[in-house]
Amino acid sequence: MSEKSERRSALFYEQKNGYDLINEAERAACTEYCEGYKRYLDSAMTEREAVQSAIELAEKEGFVAYEPGMKLKAGDKVYCSNRGKSLLLAVIGKKTMDAGCVIEAAHVDSPRLDLKQLPLYESDELAYFKTHYYGGIKKYQWAAIPLELHGVVALRDGSVVNVVIGHDAQDPQFVITDLLPHLAADQMKRTPGDIITGEGLNLLIGSVPDAEEGKDRVKLAVIELLNEKYGITEEDFLSAELSAVPAFPTRDIGLDRSLIGGYGHDDRACAYAELRAIMDVREPERTCVCILADKEEIGSEGVSGMQSEAFEVFIEDICREQGVALRHCFAKSFCVSADVCNAFDPNFPEVSEKRNNAKINYGLGICKFTGSRGKGGSNDASAEVVAYLRKVFAEAGVVWQMAELGKVDQGGGGTVAKFMAERNIDTIDAGVPVLSMHAPYETVSKFDCYMTYKGMLAVYSDK
């Protein structure tokens, strides 16, 4: 290399495709990691299922359910399920909680179609479920695709019935019908947001009438089937959480199998990365905490969202046993808000500022700020926090890139980062770049998924 080239190399910042930076052994590790991730994604169609699958994986690695007042020592592994919809896990560190803890916070809810409180109706001898969409979606994407039904029905006697229809190969599935193009001249004049309205997202669930005389015979036949299998009546929908989700199995994408297509990469790609990382961390200096939160897609509200005090209760219990004030622990803590970012899409270059947008196969994306336009609603991590991650990732050989959510005036979005920062915890966003984010079928890079895991493990393992 000439003196001029060396000077340029020393002074300029140049990104490289991740596959030019790893050897065959690491490629094999990437493939192995992603096979586990694909299995997790297929088992986690809702936040409840994501939490249950995470608990099963964690228990195999020695995690036990936490009980208030439990005596904990360095190396102990505990978890706390918050109403079965969010999860907190911890590996106790060598240092006491007054040194702070290392937190990684992802969310396990994804955009979907929730059934309304009284969803079942019949129209023109066809039976339907009415839905209410959850999170930010393009409504037209949910029509004319196969859908599954997942969730629970809570009965008046206090028992809870689990419902999964459409996931197994032998199960029936559901669909929202769309208008044929031959008759869609008026429909196609609408704006994309109104091609299919929210009230038009109705699941087709049956067509055969009951033999009994009277009205709503198809509805009667459908509720009879549900009653036979699950013991529920129409009134029980009032206390149900049932969601229609895409019936797409997770698959490799591309002739080279370098990508993964599936439902819920946002944000289960990051949730699995931090879950695997906390299961793989060994003898951490500071207590490591993994958060799998609910409700992020609707603002992190509710008792299972990141604005809930469930997190404080869990950490305060551990602090109390060590005689440490919670606020002192938080002030010394560090958090990675493990959430996805958008990947640059050559099909839609006009929405991104290419120099600062994350790209497929360039590694874990660090997002200094989210929010919208003038950084509204953003955590906006400090320069020192970014520098700290640069150091940790460099020492661990993590391939990473900076990320930004599109052009400044284009739009924006949020994560749980600002809610962690409000607790006086240094926080920064980092996660997997995603193509077709919030669509029923999203796409991610295997390389980026693996580097996100490697980055999460490096943060937990930092001395």
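Please get the size of the charge dipole for segment 1-119, origin at its Cα centre, with Cβ charges of +1 on Lys and Arg and -1 on Asp and Glu, quoted in debye to the nearest 20.
Once rounded to the nearest 20, the dipole reads 320 debye.
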Exercise. What nm distance separates the two modelled labels at residue 155 and residue 138, each placed 7 Å from Cα along Cα→Cβ?
Worked result: 4.3
Exercise. Using the Cα atoms as the points, what is the convex hull volume per residue of segment 115-252 in Å³?
Worked result: 152
Exercise. Per the Debye formula with a single identical scatterer at each Cα and no solvent contribution, what log10 I(q)/I(0) holds for segment 309-361 at q = 0.21 Å⁻¹?
Worked result: -0.77
Seminar exercise, completed: Quick note, segment 51-99: a/c under 1.5 would make it rounded; otherwise a/b > b/c is prolate and the rest oblate (a ≥ b ≥ c, C-alpha gyration tensor); here it is prolate
Exercise. Which is the longest part of the chain that has none of the chymotrypsin sites (Phe, Trp or Tyr not before Pro) sitting in a DSSP loop with at most 15 other Cβ atoms within 10 Å?
Worked result: 14-463
Exercise. Which trypsin sites (Lys or Arg not before Pro) in segment 304-403 pass both tests, a DSSP loop state and at most 16 other beta-carbon atoms within 10 Å?
Worked result: 373, 375
For this session: Would you mind giving the three semi-axes, in whole Å and largest first, of the ellipsoid equivalent to segment 304-422 according to its Cα gyration tensor?
Result: 31, 18, 12
Exercise. Across 20 Å bins from the origin, how do the percents of Cα pairs in the chain run, short distances first?
Worked result: 23, 53, 22, 2, 0
For this session: Averaging sequence separations of C-alpha pairs under 8 Å and six or more residues apart, then dividing by the length of segment 296-444, give the relative contact order as a whole percent.
Result: 32
Exercise. Which entries of 60/418; 189/407; 138/446; 60/85 show an alpha-carbon separation above 31 angstrom in the structure shown?
Worked result: 60/418
Seminar exercise, completed: Per its Cα gyration tensor (rounded if a/c is under 1.5, else prolate when a/b beats b/c, else oblate), segment 52-182 is best filed as prolate
For this session: Would you mind getting the accessible area per residue of segment 320-372, heavy atoms of the protein chains only, 1.4 Å probe, in Å²?
Result: 46
Seminar exercise, completed: Asserting the computed 222 nm helical MRE of the chain (DSSP H runs at least 4 long, -39500 (n - 2.57) per run, divided by residue count, to nearest 500) equals -8500 deg cm²/dmol
Problem set entry | In Hz, Karplus ³J(HN,Hα) per residue of segment 357-362 (6.51, -1.76, 1.60; θ = phi - 60°; x = Gly, Pro) | 8, 5, 10, 4, 6, 10
For this session: Could you run the Karplus curve 6.51 cos²θ - 1.76 cosθ + 1.60 with θ = phi - 60° over segment 84-94 and give me ³J(HN,Hα) per residue in whole Hz, x for Gly and Pro?
Result: x, 10, 9, 9, 10, 10, 9, 10, 6, x, 6
Problem set entry | For segment 186-203, Karplus couplings with θ = phi - 60° (6.51, -1.76, 1.60), whole Hz, Gly/Pro x | 6, 4, 6, 7, 6, 5, x, x, 10, 4, 10, 7, x, 6, x, 7, 10, 7
Seminar exercise, completed: With DSSP loop assignment and no more than 13 other C-beta atoms within 10 Å, the GluC sites (Glu not before Pro) in segment 303-388 are 309, 353
Exercise. Per Stokes-Einstein, at 37 °C and 0.692 mPa s, what whole-number D in µm² s⁻¹ belongs to segment 263-333, with the Kirkwood radius over Cα pairs as the hydrodynamic radius?
Worked result: 236
Seminar exercise, completed: Ordered by number, the GluC sites (Glu not before Pro) in segment 200-262 that occupy a DSSP loop and have at most 16 other Cβ atoms within 10 Å are 212, 213
Exercise. Taking the C-alpha atoms of segment 1-85, how large are the radius of gyration and the largest Cα-Cα span, Dmax, in Å?
Worked result: 21.9, 65
Exercise. Once all Cα-Cα distances of segment 418-463 are split into 10 Å bins that start at 0, what whole-number percent is in each one?
Worked result: 23, 35, 34, 8, 0
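The values are calculated or read from the model by the stated rules, or taken from the named source; none is laboratory data. What you see is a predicted model; the values in this text were computed from it and never measured. Note that each Cβ is placed from the backbone with ideal geometry, even for glycine, and that neighbours are counted across all protein chains shown. Areas reflect the complete protein model, heavy atoms only, side chains present, ligands, DNA and RNA absent. Shrake-Rupley method; radii C 1.70, N 1.55, O 1.52, S 1.80 Å.
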